[in-house]
Amino acid sequence: MPVYHAETCKMKDKYVNNQADLEYYFEQYPNLLCIVGGDGLLKKINPAVQNLLGYSDEELFNSPIDDFIHPDDREVASHVRTAQVNSAHFAEYDNRLLTKDGKTVWLSWSSVFIERDQVFFSIAKDITSKKKEEEQSHIVSILNRLGEEQKARFSQEIAFINPEIHPEVPDFRWLGLNETLAVADQKWMEKFETLVRKHAGTANLNLRFLSAEMAMSERQVYRYIDRIVSMTPKKLITMVQMHMVWEMISKGKEHSPAALGRMAGFSSTSRFKKMFYNIYGIDVTALL
């Protein structure tokens, strides 16, 4: 009995030590380590997660992980998790997360679904710098296709197409504004732009619809836009739509005028191409 008891104690001590080592390695690992439950909530993370995203433990553990994923990437992330649960189990993919201070970070994920515990164990590496370099390289390739007159014609759009590449530039300089907007006007414009982006593909994207969404009269919206940016609501809507097009072109996400036109809310590809040419002086196909 004493020998058996001694061996048992040794095995127990070894197990405890191994557990402590694993916990230490988990804490020290430089990339992000996450365990996510089937309910979409984080169950365990290493310090790298908090260091990168900037949220408190309370914020991270009490909010669904989708709250931290970029809105444009949430649907894809959901599909990946569903596929893992149903059959794939293992997945590798890239997506964007939002930090507490409003920045976007790109992460490359390797994730496995543990069926026994109904959890996802995931490792992520920060690839934001790599993505920015790729986008910059793509923008340079676009510029190389343009003549000097064309560059001058839409230099504002090219220069401010990606606020993350040019963080010191106010968000709405791409509209040709020479001065920084007042805080209240900035917030109002952000709300208006968000609505246009959200409903860009719908047929009823007009002053009446946007006024209702903004809880303002059509006259009030018209006057706000005229005061802030000196243009009509229709022109501002078109400018936001075209800025969305430039964002897609700069990231190389779409490769056909038809897809770009649909994304921007144009039902007719020919009308979209004509509008793009009238504004920027170049056939959009030449940029794809």
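No value in this document is a laboratory result; all are computed from the given coordinates. Just so it is clear, the structure is predicted and the values come from calculations on it, not from any experiment. Every residue, glycine as well, gets a Cβ built from its backbone with ideal geometry; the counts of neighbours run over all protein chains shown.
Please state the shape class of region 33-82: rounded when a/c is under 1.5, otherwise prolate if a/b exceeds b/c and oblate if not, all from the C-alpha gyration tensor.
Working: a/c = 1.90, a/b = 1.49, b/c = 1.27.
Prolate is the answer for region 33-82, as a/c is 1.5 or above and a/b outweighs b/c.
Taking 25 Å as R0, compute the FRET efficiency from the Cβ-Cβ separation of K125 and T194 and round it to 0.05.
Details: r = 30 Å, r/R0 = 1.21.
For R0 = 25 Å, the calculated efficiency reads 0.25.
Work through the residues other than L205 whose Cβ is under 11 Å from its Cβ and net out their charges, Lys, Arg +1 and Asp, Glu -1. Could you put the intermediate results ahead of the total?
Numbers: positive: R197, K198, R208, K234; negative: E213.
Once all neighbours under 11 Å are counted, the net charge is +3.
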Going from the fewest other Cβ atoms within 10 Å to the most, one would list D126, D66 as D66, D126
Rg (one decimal) and Dmax (whole number) from the Cα set of region 31-126, in Å, equal 12.3, 37
Phi angles of region 95-103, converted by Karplus (6.51 cos²θ - 1.76 cosθ + 1.60, θ = phi - 60°) into ³J(HN,Hα) in whole Hz with x for Gly and Pro, give 7, 10, 10, 9, 7, 5, 8, x, 7
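With Cβ to Cβ distances under 14 Å as the rule, what net charge do the other residues near A88 carry (K, R +1; D, E -1)?
On the way: positive: R81; negative: E92, E115.
Neighbourhood net charge equals -1.
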